[in-house]
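Everything on this sheet refers to the single structure shown next.
Laboratory data are not the source of any read-out in this text; all were calculated from the coordinates shown. The shown structure was predicted, so the numbers you read here are calculated from the model rather than taken from an experiment. So basically every Cβ, Gly included, is an ideal-geometry build from the backbone, and we count neighbours across all protein chains shown.
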Amino acid sequence: MNEAVITTHQNDKTYFGFWTYLMTDIVLFATLFATYAVLKNGVAHGPSSHQIIDLPFVLIETILLLTSSFMSGLALLAARAGKRQLTAALLVIVFGLGAGFVGMELSEFAKLASEGHGWQVSAFLSAFFTLVGTHGLHITAGLLWIIVLGMQIGRFGLSSSVMRRLTLFTMFWHFLDVVWIAIFTIVYLMGSLA
Amino acid sequence: MKPIVATTKPKSRLLLGYLTGFVLSLILTGVAYIAVTEQLIPSNAVGAFVVKLAIIQIAVQLIFFLHLGQESRPRWKLTVFFFMLAVLVILVFGSLWIMENLNYNMMPDQMDQHIINDEGVHH
């Protein structure tokens, strides 16, 4: 085997390992979804979900994250084509959209807390903040990853290890959008029904 | 440097795949959103409807963004995916089932009513 073939084999193992991590991460989210579903009606003296959900706001969040996920795919294609400038520019867009998403989510959380609907009010709100917040933390970790990737692209160019990391990042980013579809549907769309 | 190739498709087809996934996801999100806000569907069916749309959208993104099922044999990625799916179903539906039963059998203020209504036992 020549060197390129060996590298490809090692990368395939890395991708498979990372895929396995993503699948276990879904199990983490599944436990949080199950908790949320069980506790959804435990509102104590706090608000029900349909009283605190602002659907147009969440739709914008959803579109930001979806577009960000799509752009990360384009960044990977640009990198494979060897277009370093384009890859960096697309990653800036991915970061901007992701940061916009986290910013909106934080403002939603801050608004709820300021209205006296914090996580400590009821079992429902605890489950809500835990589920949505865990996703938000993942996104924040992804944003840090983009910064590191950007620095590595600047320093090393599109080397084989940078390409591998970029591929793993796009997997992570697409995965987080998939989790968000479930949150958007179950927590927000269905939660807005009285 | 040899580019890393996750699939053997040419680049234009990969780009087309991402575009397809993006447009389909936008449409599915929009339909689900409008179905809830405009109340186009009877309120008792809209929940099931948006869940179906979400499952379709998740499948779309798994195929077009995460390239699930496009690897060559042996399909380990797909195998781990299905294992995860089994764990997910057991975890989520198992939890709901158990908690539903506990609510039914253990809630003191509702217990009497359940016994009277469902079990044919009267005072």
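Only one of B:ILE55, B:ILE41 is without any contact (Cβ under 8 Å) to a residue 12 or more places away in the chain and in a helix (DSSP H, G or I). Can you tell me which? Checking each option against the conditions leaves just B:ILE55.
Scanning region A:46-84 for residues that are under 23 Å from B:LEU14 (Cβ atoms) and not aliphatic (A, V, I, L, M) yields A:THR67, A:SER68, A:SER69, A:PHE70, A:SER72, A:GLY73, A:ARG80, A:GLY82, A:LYS83, A:ARG84. Checking each residue in region B:25-67 for being farther than 25 Å from A:LEU176 by Cβ, at the interface with another protein chain (Cβ under 7 Å from one of its Cβ atoms) and within 17 Å of the chain's Cα centre (by Cα) picks out only B:VAL46.
Number of residues in region B:58-79 that are surrounded by fewer than 17 Cβ atoms within 10 Å (Cβ to Cβ) and either of a type in the set (A, V, I, L, M, F, W, C) or not in a loop (DSSP other than H, G, I, E, B) (or both): the value is 6.
Of the residues making up region A:176-194, those that are more than 7 Å from chain B (Cβ to nearest Cβ) and within 10 Å of the chain's Cα centre (by Cα) are A:LEU176, A:VAL179, A:TRP180.
So that you can scan it fast, the table gives a plain yes or no per residue for (1) within 7 Å of chain B (Cβ to nearest Cβ); (2) without any contact (Cβ under 8 Å) to a residue 12 or more places away in the chain; (3) surrounded by fewer than 18 Cβ atoms within 10 Å (Cβ to Cβ):
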site	(1), (2), (3)
A:PHE16	yes, yes, yes
A:THR20	yes, yes, yes
A:GLY42	no, no, yes
A:SER49	no, no, no
A:PHE57	no, no, yes
A:LEU66	yes, no, no
A:SER72	no, no, no
A:ALA75	no, no, no
A:GLY82	no, no, yes
